[in-house]
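Take a look at the structure below.
Laboratory data are not the source of any read-out in this text; all were calculated from the coordinates shown. As the structure is a computational prediction, the values presented were derived from the model and not from experiment. Don't worry about glycine lacking a Cβ; one is built from the backbone with ideal geometry, like all the others, and counts go over all protein chains shown.
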Amino acid sequence: MPEKFTVTPITKNDVEWVKNLFIQYWGGDICVSRGKVQKVDDFTGGFIAKIPKQNAGFITYTITGMELEITNLISLKENLGIGSALVKSVIDQAKERVQISKSISKCDGIHA
């Protein structure tokens with residue numbers, strides 16, 4: 001039976017864990033997208049996936065005007081639908097707030 005997980009908005013209590021993953025996977029707590037540098041604290045929002053007693057992934061996004069950009073997505077457990085559920089959470093929240101959504105990806109050999 002696949003592990004069950006929940007998806008909730010990232011809270012202040014989750015930010016340190018998100019920063020640590022940024023540092024682990026990308027060597028720092030910043031993201032560069034379309035010429036703009038953002039620190040983890042600067043993202044508009046995000047969601048975190050949790051399985052019992054541990055975090056299993058996160059997604060962050062930025063909203064500028066009527067445009068939403070998914071800035072990062074990490075799923076630490078494969079084949080459970082975590083990445084899809086995180087993307088769906090962002091889309092569901094953003095439907096009323098934006099007209100254009102963008103996702104800029106980088107292939108770094110990490111499975112989502």
Q. What nm value, rounded to one decimal, do you get for the distance between Asn20 and Val32 when each label is placed 7 Å out toward the C-beta?
A. 2.7 nm
Q. Would you list Trp17, Trp26 from fewest to most Cβ contacts within 10 Å?
A. Trp17, Trp26
Q.
Given axes a ≥ b ≥ c from the Cα gyration tensor, I'd like to know whether the stretch 6-103 is rounded (a/c under 1.5), prolate (a/b larger than b/c) or oblate.
A. oblate
Q: Could you pull out the GluC sites (Glu not before Pro) across the stretch 1-100 that fall in loop regions by DSSP (anything but H, G, I, E, B) with no more than 11 other Cβ atoms inside 10 Å?
A: Glu3, Glu78, Glu96
(Q) Would the stretch 1-60 count as rounded, prolate or oblate if I go by the C-alpha gyration tensor, calling it rounded below 1.5 in a/c and otherwise prolate when a/b exceeds b/c, oblate otherwise? (A) prolate
Q: Per residue of the stretch 33-48, in order, report the coupling 6.51 cos²θ - 1.76 cosθ + 1.60 (Karplus, θ = phi - 60°) as ³J(HN,Hα) in whole Hz, putting x for Gly and Pro.
A: 9, 6, x, 10, 9, 10, 8, 3, 5, 8, 5, 4, x, x, 9, 10
Q | Nonlocal amide H pairs with Ala56, under 5 Å, H built at 1.01 Å | A | Ala49, Lys50, Ile51
Q. To the nearest 0.05, what FRET efficiency results for Asp42 and Lys95 with a Förster distance of 35 Å applied to their C-beta separation?
A. 0.90
Q: List Tyr61, Tyr25 from most exposed to least, where exposure is judged by having the fewest other Cβ atoms within 10 Å.
A: Tyr25, Tyr61
Q) What's the exposure ranking of Ser89, Ser33, Ser84, going from fewest to most Cβ atoms within 10 Å? A) Ser84, Ser33, Ser89
